[in-house]
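Here's the structure, in structure tokens; my notes come after.
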Amino acid sequence: MNQRISSVLALCGFLSLGGFVPAIAAEQNSTAPSPTVTSPALQKLMTMFSADIKTTLNACREQGGVNLAAGAQADGSVLCANGETKAAIPYDNYLGTVSDVAAAVSLVGLKTVIASNPSISPEMVVTFLTSPNGTAVLKNAVQTAIVRSSIIPVASSESTTVLAEQIIGRLVPTLQSTNNLTNLVGTTEQYGQVVSNFCSTPGMSVVQAQQTIPGLSPIQLYAVCVQESGLAEEVQQVVNRPGS
């Protein structure tokens, strides 16, 4: 059964987060090399969010990525891989935003795959992920996704570890706090409000969205946008392919 859950984790979309941040970053910065984005859902997701969120996700794109291992600089900003600082982008904000988005993409994919596998319940996945073997599987999946995504300098294994730990630290608690994914995207009313106010351009900040639509975490806000983009349907198509 653990092997079955491992297969679900591989399918669920952990690796799909690899295409998200570079894609939205390139859309924000027209001078940056444009990655190949074949997913209609990711293309739609690129058009969402406020300018501030896009700017944050775009941090250090032309400077080799953010050096997360270096931590916050004296002024609290991020340090790029080439040694340049970005005073307008706080380190904590960058790390939190990227981790929340990555976790949201992963959880929406996971929810979709679990719905197609009656033999696996969210509770079983939580139990597996909190086991030593499950933690190792999850860590490997997330680290692989980060390296493939070019979110941070590929050569920086220390930065990869920092980001992976942040993402992992969000996944299991969110699985538990959202009633095992049942209310990951909130109620029908909340969903509509998030789409109109947060997943729009120009959209609200996370703080503004939480004040306007109480009761949702940052990950849930991003999960609504991921769901609205159609990513769940794309994951479902993968699940339904022969041999999946």
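Throughout, read-outs are computed from the coordinates displayed, never taken from laboratory work. From a predicted model like this one, the values you see are computed outputs, not experimental measurements. Using ideal geometry, Cβ is built from the backbone for each residue, glycine included, and neighbour counts are taken over all protein chains shown.
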Any idea which of LEU181, LEU216, LEU163, LEU175 is farther than 20 Å from SER116 by Cα, touching a residue at least 24 places away in the same chain (Cβ under 8 Å) and out of contact with any Ser or Thr (no Cβ under 7 Å at 6 or more places or on another chain)? LEU216
Which one of these does LEU42 not meet: (1) out of contact with any Lys or Arg (no Cβ under 7 Å at 6 or more places or on another chain); (2) in a loop (DSSP other than H, G, I, E, B)? (2)
The helices (runs of 4 or more DSSP H) lying entirely within segment 178-231 that contain at least 1 residues which are farther than 22 Å from THR47 by Cβ are 188-197, 206-212
Log entry, pairs with first residue in segment 121-137 being over 12 Å from VAL172 (Cβ atoms), second being assigned to a helix (DSSP H, G or I) and charged (D, E, K, R), beta carbons closer than 7 Å, six or more apart or on different chains, reads none
So, in segment 104-119, of the ones that are among the polar types (S, T, N, Q) and assigned to a helix (DSSP H, G or I), which residue ends up surrounded by the most Cβ atoms within 10 Å (Cβ to Cβ)? SER106
Please indicate, with yes or no, whether at least one residue in segment 120-140 is under 26 Å from ALA41 (Cα atoms), in contact with a Gly (Cβ under 8 Å, 6 or more places away or on another chain) and of a type in the set (S, T, N, Q). no
